[in-house]
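The values are calculated or read from the model by the stated rules, or taken from the named source; none is laboratory data. Predicted model only: the values in this text are computed from it and were never measured. Positions of Cβ are backbone-derived with ideal geometry, glycine not excepted, and every protein chain shown enters the neighbour counts.
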Amino acid sequence: MCDLLFPDRKQFEPLVDRIFERYVEYIICKGFLLHCSKSNTKKRCLMRNNNSKWRAYWCTITPGVIHLWPLHKSTTVRNRRTIAIDQTSSVQIGTFDEERFTWLLTAESKRKYEFGHFDELRRKHWILTMNLAIERRSVEDLQKYDRECSRSTEYPILRDKNLSWRLALECENERLMQLLDDQRRALRDEEIVRTIATRMLDEERERREKLEEKLQSLVRNRDGNCNNNPGTTKAFLEVSSFEILDKNIS
C-alpha cells in the first residue's frame, strides 16, 4: 500500500534518515574506519597480520563525543567505546602507511588515537567532521552551525533570485516604456494628420467662400447690365464661369 501511495518512497528514505540523524540524533558523521591501538610508532599495524592492532570499527561522531563499535559486534551500549573530546583536542593528518591513510586524534587528557582509511577522500572527510565535533561540542553549537550554513547557502540563491527578478522587472519596464513611446508617436502623428486635415478644410472653405462671393458679384453685375446690353452680358457670364472653374480646378 505504501509503495502504491508513495512510489518514490525508497528514493527519499536515505534523505529522510540523514535529516533525522542530523537534526534529531545530532549525528555529525557515521561510517567505517580503522583504529590502531598501538601507541608505539616503531610497531606496525598490519591488518593482515594476526598480531595486528588495526581493527575495523563502526564510528559515529556527535558534538563533543566519538563512539566506536567493533565491526563484528552489535551497536549496543555494552559494546560501545566512547572518546570524549574538549577544546584542547586536535586532529593531525598522518602519512600513507601500509596501504592506508592515517590521522591522529588528540582527545581529553592528551590521549592519542590513531585512525586510518583506505580512501584518502574519506580521510579528509573524517578529519573535517572530527574538527567540527571539537569546535561544536554541544548541541546548541551544532544547531547554530547548521543555521549559519543554511543562511550562507540560501543567501546566494536569494541573491540570484533577486537578480533574476530585477532583470525581469527591468526588461518589463523597458518594454512598457517602448510601448508608451510608440503610443506617444502614434498620437503625435495623429495630431499632425488632424492638423493638416483641418488646415486643408479651412483653406477649402475659404476658397469656396471666395468663389461664392465672386459668383454673387457676377450675378449682381449681370442684373445691373441686363437691360443695357443683353448679348454682352451673356458672353461675359460664360467667360467668367469658365475662369472660376479653372481656378477651382487648379
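Of the residues that sit in segment 1-59 and are in contact with a Ser or Thr (Cβ under 7 Å, 6 or more places away or on another chain) and farther than 23 Å from Ala133 by Cα, which one is modelled with the lowest pLDDT?
Among those that are in contact with a Ser or Thr (Cβ under 7 Å, 6 or more places away or on another chain) and farther than 23 Å from Ala133 by Cα, it is Leu46.
Restricting to segment 82-95, what's the tally of residues that are in contact (Cβ under 8 Å) with a residue 12 or more places away in the chain and not in a loop (DSSP other than H, G, I, E, B)?
Within segment 82-95, residues that are in contact (Cβ under 8 Å) with a residue 12 or more places away in the chain and not in a loop (DSSP other than H, G, I, E, B) number 8.
Give the residues of segment 13-26 that are under 12 Å from Asp146 (Cα atoms) and over 29 Å from the mean Cα position of the chain (by Cα), sorted by residue number.
Within segment 13-26, Tyr26 is the sole residue that qualifies.
Please count how many residues of segment 55-81 are under 41 Å from the mean Cα position of the chain (by Cα) and either among the polar types (S, T, N, Q) or not in a strand (DSSP E or B) (or both).
4
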